[in-house]
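The block underneath contains the structure these notes are about, expressed in structure tokens.
Any read-out appearing in this document is the output of simple, stated calculations on the displayed coordinates, not a laboratory observation. These numbers were taken from a predicted model, which means no experiment stands behind them. We place every Cβ from the backbone using ideal geometry, glycine too, and count neighbours over all the protein chains shown.
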Amino acid sequence: MGAEPGVREQRRSTRVRMKVEIKAHGVNEPLSCEGETVIVNLHGALISTAIPLRVGMRIEIHVILTDKRATAQVVYLDPDRSRLCGIGLEKPNNIWGVSLPPDDWEDDSGR
């Protein structure tokens, strides 16, 4: 149990399993890599990238499917899989192309 309740309380929008091709570009440093989403929500995503990122790094995410872009920050790195990380979007938005978003995405989705 431990930290599990705290994690649930921090979740601000419903997660959706969705595999979408992305590109990540560094905001303040040279970085460009391809990747894909694993899980998305209105406030961010769990992504897999071609190269390891690091916590605190600011990136621009380009979602190929929707051609939408958003600035995000790396907030989590999987300790066992260095190329799997969690990102938080600076502005909550459905950039992922979820056609039937959960109800709690409606108010902030920018639609």
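Just Ser99, Ser32, Ser48 to compare: in a GNM of the chain, with alpha carbon springs under 10 Å, which one fluctuates most?
Residue with maximal mean-square fluctuation among Ser99, Ser32, Ser48: Ser99.
When a/c is below 1.5 the answer is rounded, else prolate if a/b is larger than b/c, else oblate, so apply that to the chain with a ≥ b ≥ c taken from the square roots of the Cα gyration tensor eigenvalues.
Since a/c reaches 1.5 but b/c is at least a/b, the shape of the chain is classed as oblate.
Work out the FRET efficiency for Ile51 and Leu100 from their Cβ-Cβ distance, taking R0 = 25 Å, and round it to the nearest 0.05.
The computed FRET efficiency comes out at 0.15.
Label Leu31 and Arg58 with points 7 Å out from Cα along Cα→Cβ: what is the distance between them in nm?
1.2 nm
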